[in-house]
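Q: Attaching a single structure in structure tokens format; questions to follow.
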Amino acid sequence: MINLKDDEIKEFLFYNKLWVKEDDQRGIKTEINKIKKNSAHIDYCWIYLDDEKVGVVRIRKGSFFRFGLKPDIQREHIPFILEIIIKDVNIWRPKKLEAFVHEDYKTYLLDRGFKEEYSRLMMELDPRLQKHPPELNGWNIESLNWRRVNKIAELFQDAYSNSIDELIGMFNPTYSKYILSVIKKGEFGKVNKEFSYFVKQDKEYVAGLICTEYQNELFLVIIGVKRAFQAKGLGKNLILKLIEDINKSEGFDKITLWVTFENTNARELYLKIGFNQVFRVYALSIDPNLI
């Protein structure tokens, strides 16, 4: 899709909204800019069957993701379509061929010989149904200030150190500031400073969360508590504060977040607070020599 016009990109994004179940509901301008920015590194591909557009997929060297098909596609066509994608990705001769797919397509790839590495769970909550007050008395709460980016990066580096999220590369010291810069630029939606907080003690950030927004939905992009301050209820109470403040403002109907499924403590915390599981996206891989 290199050098495509905005209208052509809009068509691709329109069908992403229809067919890709894990597609992020970002603003159209943000998505167009992101595609233009990444078009040299990611192939934004249509899937055809008998000259009819029946699906979309994004292919990056050695991997594919955001794979979606028309709801009425016949199930017997799915292995055939996936096989074509796998062969296209394997042209890059990667050391490991990776796929990131909605749970609906997991079984097809396992049958093909892929192995599951981890999965990410989408969760959501209606803040209007939650009425538990936070317990943050005695803690100093500060709003998001990007001039404190070094302290913010230090907080999340410590919070995710030696965790499954560091292991799979969701957040690690190597590019923590880059991830924060991506959040700041709006690639996960417009940053909402009103609903992004940090707990401070002795000039040190010990816990915090950052939220972005799209229409009536608030996306909890990242949350973390320094290891020395974990098991004190800070993460839970930051989310309860978020819920309470949203209800006071009556500005958002839904809070969403992603959690690594294997991060049992975080996932169970969100369930206890009242988040519901929506779907899972699986990271699978295969040795290219087996294809």
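Read-outs throughout are calculated quantities, based only on the coordinates presented, and are distinct from any laboratory measurement. The structure presented is a predicted model; accordingly, all values stated were derived computationally and were not measured. Cβ: placed from backbone, ideal geometry, glycine included. Neighbour counts: every protein chain shown.
Q: Search the structure for amide H atoms under 5 Å from the amide H of PHE171, placed 1.01 Å from N in the peptide plane, and list their residues when 5 or more places away or on another chain.
A: Sorted by chain and number, the residues that satisfy this are GLU166.
Q: Fewest first, what order do ARG148, ARG120 take by the number of other Cβ atoms within 10 Å?
A: Result, fewest neighbours first: ARG148, ARG120.
Q: Looking at this model, which pairs from LYS5/LYS70; LYS21/LYS200; LYS5/LYS106; LYS106/LYS193; LYS200/LYS254 are more than 31 angstrom apart at the alpha-carbon?
A: Correct reply: LYS21/LYS200; LYS5/LYS106; LYS106/LYS193.
Q: Once fully extended, how much extra length lies between ASN247 and LEU290, figured as 0.36 nm per residue of separation less the alpha-carbon to alpha-carbon distance?
A: Stretched fully, the ASN247-LEU290 segment lengthens by 10.2 nm.
Q: Sort HIS132, HIS102, HIS41 by Cβ crowding within 10 Å, fewest neighbours at the top.
A: Lowest count first: HIS41, HIS132, HIS102.
Q: Which residue fluctuates the most in the chain, going by a Gaussian network model with Cα springs under 10 Å, if the choices are LEU129, LEU240, LEU18?
A: Its mean-square fluctuation being the largest, the pick is LEU129.
Q: Would you mind ranking PHE14, PHE198 so that the residue whose beta carbon has the fewest other beta carbons within 10 Å leads the list?
A: Least to most surrounded, the residues fall as PHE14, PHE198.
Q: Separate question: Quick check on the chain: helices-only [θ] at 222 nm, where DSSP H runs of length 4 and up contribute -39,500 (n - 2.57) each and the sum goes over total residues. Nearest 500, please.
A: For the chain, the value works out to -10000 deg cm²/dmol.
Q: Now a separate question. So if I take the centroid of the Cα atoms in the range 48-108 and the same for the range 136-208, what is the distance between those two points in Å?
A: 34 Å
Q: Still on this structure, I have one more. Could you list which residues have their amide H under 5 Å from that of ASN192, counting only those 5 or more apart in sequence or on another chain, with H placed in the peptide plane?
A: Under 5 Å from the amide H of ASN192 lie the amide H atoms of CYS211, THR212, GLU213, each far enough along the sequence or on another chain.
Q: May I pose another question? In whole Hz, with x marking every Gly and Pro, tabulate ³J(HN,Hα) for the range 181-188 from phi via Karplus 6.51 cos²θ - 1.76 cosθ + 1.60, θ = phi - 60°.
A: Once θ is set to phi - 60°, the couplings for the range 181-188 become 5, 5, 4, 4, 6, x, 6, 10 Hz.
Q: In degrees from 0 to 90, rounded to the nearest 10, what is the angle of the helix 6-19 Cα long axis to the longest principal axis of the chain?
A: That works out to roughly 80 degrees.
Q: Between the helical axis of 77-90 and the dominant principal axis of the chain, each derived from Cα atoms, what acute angle in degrees is found, rounded to the nearest 10?
A: Compared with the principal axis, the helix lies near 80 degrees.
Q: Can you list residues whose amide H is under 5 Å from SER119's amide H, if they're 5+ apart or on another chain and H is modeled 1.01 Å from N?
A: PHE261, GLU262, ALA283
Q: Can you work out ³J(HN,Hα) from phi for every residue in the range 112-122, in order, using Karplus 6.51 cos²θ - 1.76 cosθ + 1.60 and θ = phi - 60°, giving whole Hz and x for Gly and Pro?
A: 7, x, 5, 10, 6, 9, 6, 9, 10, 10, 8
Q: Next question, about the same structure. Once phi is turned into ³J(HN,Hα) by the Karplus curve 6.51 cos²θ - 1.76 cosθ + 1.60 with θ = phi - 60°, what whole-Hz value does each residue of the range 41-53 show in order, with x for glycine and proline?
A: 10, 10, 8, 9, 10, 7, 10, 10, 9, 6, 6, 10, 6
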